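All remarks here apply to the structure that follows.
The values are calculated or read from the model by the stated rules, or taken from the named source; none is laboratory data. Since this is a predicted model, take the numbers as computed values, not measurements. We place every Cβ from the backbone using ideal geometry, glycine too, and count neighbours over all the protein chains shown. Accessible surface areas use protein heavy atoms only, side chains included; no ligands, DNA or RNA. Shrake-Rupley method; radii C 1.70, N 1.55, O 1.52, S 1.80 Å.
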Amino acid sequence: EDQTRRFYDDLLRRARSAPGVLSAALVSNAPMVGADNIEVVVDGTGLPRGKKAPPGFGAYISEGYFRTMGIPILAGRDFRESDREKEPLVAVVNERVAKHYWPQGDAVGGRFHLGTATGPLIEVVGIARTSKVLWVAEPPLDMIYLPFRQHARERLTLVAESNAQDAAMLAPVVRDAVRGLDPDMPVFGVKTMHDFYLQRAQASTVLTQVVSSLGLM
């Protein structure tokens, strides 16, 4: 785990200082690619003993993720590099989660447990604007963000914002940043967010055509 932490720390530093990169961050699942299951129990609400909370969507991210993805922090703060393993556990939630669990408007400073009513206690330090999770036509979804530095992850995705006209120009820059740390580290699935958008839109069109055809049978 220590080696993994050092690798990701070094990767962020290299990526952020690479030519053409405005900002960079790490995320367990990029938008329109997937999401993690994160179960929460708001402090004080409780659950029957031994019962787990219902699954919800979430992601493990680094500081700078919201800036890189253009997601504003509406209240409270973003994660900091100092939000690490031995520091108090924190989270950022989207607007929908804030209204869902704290309808009185006191989400910042609110606390919840992970998994069960006796799980780790986490404090909400920020509220992010609700954004797309799985695809562009979805209704607003609950989304909880946790700092990856407090929850060790072996596999992460590097996201980077470019000032180039074609963001695909960052691909070799990102590969060089990784290979400069470990020549044997595999780098795969390098795409722009525009590519992901087109792929999901095409998949939706095919699904609609299939369903429509079935309806005629």
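Structure notes:
- Criterion: at pLDDT 95 or above and open to solvent by 20 Å² or more (accessible area, probe 1.4 Å) - qualifying residue of Ala117, Ala75: Ala75
- Flag for Asn37 being surrounded by fewer than 18 Cβ atoms within 10 Å (Cβ to Cβ) and modelled with pLDDT of 90 or more: yes
- Residues within region 167-217 that are modelled with pLDDT of 75 or more, among the basic types (Lys, Arg) and in a helix (DSSP H, G or I), tallied: 2
- 1 or more residues closer than 30 Å to Asp166 by Cβ, under 17 Å from the mean Cα position of the chain (by Cα) and among the hydrophobic types (A, V, I, L, M, F, W, C): qualifying strands (runs of 3 or more DSSP E) within region 1-118: 21-27, 57-61, 73-76
- Among the candidates Ala164, Ala137, the residue that is open to solvent by 50 Å² or more (accessible area, probe 1.4 Å), touching a residue at least 12 places away in the same chain (Cβ under 8 Å), farther than 20 Å from Ile73 by Cβ and in a loop (DSSP other than H, G, I, E, B) is uniquely Ala137.
- The conditions of being touching a strand residue (DSSP E or B) at 6+ places or on another chain (Cβ under 6 Å) and either farther than 30 Å from Pro88 by Cα or free of Cβ contacts under 8 Å to residues at least 60 places away in the same chain (or both) are not met by Leu156.
- In region 89-105, the residues that are open to solvent by 40 Å² or more (accessible area, probe 1.4 Å) and either of a type in the set (Val, Ile, Thr) or out of contact with any helix residue (DSSP H, G or I) (no Cβ under 9 Å at 6 or more places or on another chain) (or both): Glu95, Arg96, Lys99, His100, Tyr101, Pro103, Gln104
- Filtering region 17-34 to residues that are closer than 27 Å to Leu198 by Cα and open to solvent by 50 Å² or more (accessible area, probe 1.4 Å) leaves Pro19, Leu22, Val33.
- Only one of the numbered conditions (1) touching a strand residue (DSSP E or B) at 6+ places or on another chain (Cβ under 8 Å); (2) of a type outside the set (Lys, Arg); (3) touching a residue at least 40 places away in the same chain (Cβ under 8 Å) is violated by His100, and that is (1).
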